[in-house]
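Here is the structure we will look at.
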Amino acid sequence: MTKLEMKYDWGAYTSKTDEYLAEARALLAQLKERLEPPQPALAQGSEGEVFVDTRERDGIKYVVVVNNNRQPGPYTEWMKRPTWMPYGKAQQAQVSILAPQGSVVYEFITSKKLPTEYRDGRLVVTLDLPPAGGRILCVYPAAISKLSVENPGPLTRGTPTTLKVSLTDDAGKPVTGRQLLQVTLTDPKGEERDESGWYRMENGQASVPFCPALNENAGNWKIAAVERTSGLTAGENLVVK
């Protein structure tokens, strides 16, 4: 318990009021720093407000950063409300993420690994935020290294199979968390098949069901995959008989 050296004055505002308030606020700030749990992510814009939200899956953090910096424009003038700023404005933002040293940050929308600094137990990333736009940061314990498509060998028309795709880190271990995989499957004529599309990877694994129909062309089919977090690609030629 802390005793504040303040004198109660039932009267009007006194010269001591500001001094008392400053002392009380400083003490409350210290208590907040001591008692409030560390935030998983914080963001500071160079000009305006930035929103952050964090989700976690299997130890992987996903940090959504939204630019709320605003500026006036033609609609402001038309409404004759100078304080109303409905137009987005680009700005730079620093994002601080609670994560172990050595962690790696990827930006999901651009599929790029970002440079980071480590300060006071937190990763610090600098972002260029577009007007009324945002970024998604994916925080991993190690760099994502390789995307692989397993070739199951010769396939028979009319027989279902599963094409397996894996994602590993620098140590060759499966990448934890969730990722988004874009798959394109083409027949010998180069035509895209129905199995093409988006698949969720879970802890570095994804399965693509595939069953070439009896009346489809035999020959060399192709599967191409893109992992959207890292931008890594992989592909295989599939022999269909």
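Read-outs throughout are calculated quantities, based only on the coordinates presented, and are distinct from any laboratory measurement. All values reported here derive from a predicted model rather than from experimental measurement. Note: ideal-geometry Cβ built from the backbone for every residue, glycine included; neighbour counts use all protein chains shown.
Here are a few things to note about the model shown:
- Comparing Asp128, Asp18, Asp58 in a Gaussian network model of the chain, where Cα atoms under 10 Å apart are tied by springs, the biggest mean-square fluctuation is seen for Asp18.
- About the Cα centre, charge dipole magnitude for the stretch 144-240 (Lys/Arg +1, Asp/Glu -1 at Cβ), debye: 120
- Taking the C-alpha atoms of the stretch 195-241, convex hull volume expressed per residue in Å³: 83
- Taken over the alpha carbons of the chain as equal point scatterers, the Debye sum produces base-10 log I(q)/I(0) values at 0.09, 0.11 Å⁻¹ of -0.62, -0.79.
- Distance between the 7 Å Cα→Cβ label points at Ser145 and Glu191: 4.2 nm.
- For the pair Ala218 and Val64, a Förster radius of 35 Å applied to the C-beta separation gives a FRET efficiency near 0.15, rounded to the nearest 0.05.
- Think of each Lys and Arg Cβ as +1 and each Asp and Glu Cβ as -1; about the Cα centre, that makes the dipole of the chain roughly 120 debye.
- C-alpha long axis of helix 17-35 to longest principal axis of the chain, angle in °: 30
- If R0 is 35 Å, the Cβ-Cβ spacing of Thr110 and Asn237 corresponds to a FRET efficiency of close to 0.75.
- Each Lys and Arg adds +1 at its Cβ and each Asp and Glu adds -1 at its Cβ; summed about the Cα centre, the stretch 41-140 shows a dipole of about 140 debye.
- Difference of contour (0.36 nm per residue) and Cα-Cα distance, Arg57 to Gln44: 2.2 nm
- Expressed as a whole percent, the proportion of Cα-Cα pairs in the stretch 144-240 lying more than 23 Å apart is 24%.
- Under the simplified labelling scheme, the Asp128-Glu19 pair shows an inter-label distance of 5.1 nm, with each label point 7 Å from Cα along Cα→Cβ.
- Size-normalised alpha-carbon gyration radius of the stretch 78-140, reference 2.2 N^0.38 Å: 1.47
- Selected from Pro154, Pro174, Pro131 as most flexible by GNM, with the chain as the system and alpha-carbon contacts under 10 Å: Pro154
- Top of Thr156, Thr229, Thr54 by mean-square fluctuation, Gaussian network on the chain, Cα under 10 Å: Thr156
- Residue among Trp84, Val52, Asn67 farthest towards the positive dipole end of the stretch 41-140, charges placed on Cβ: Trp84
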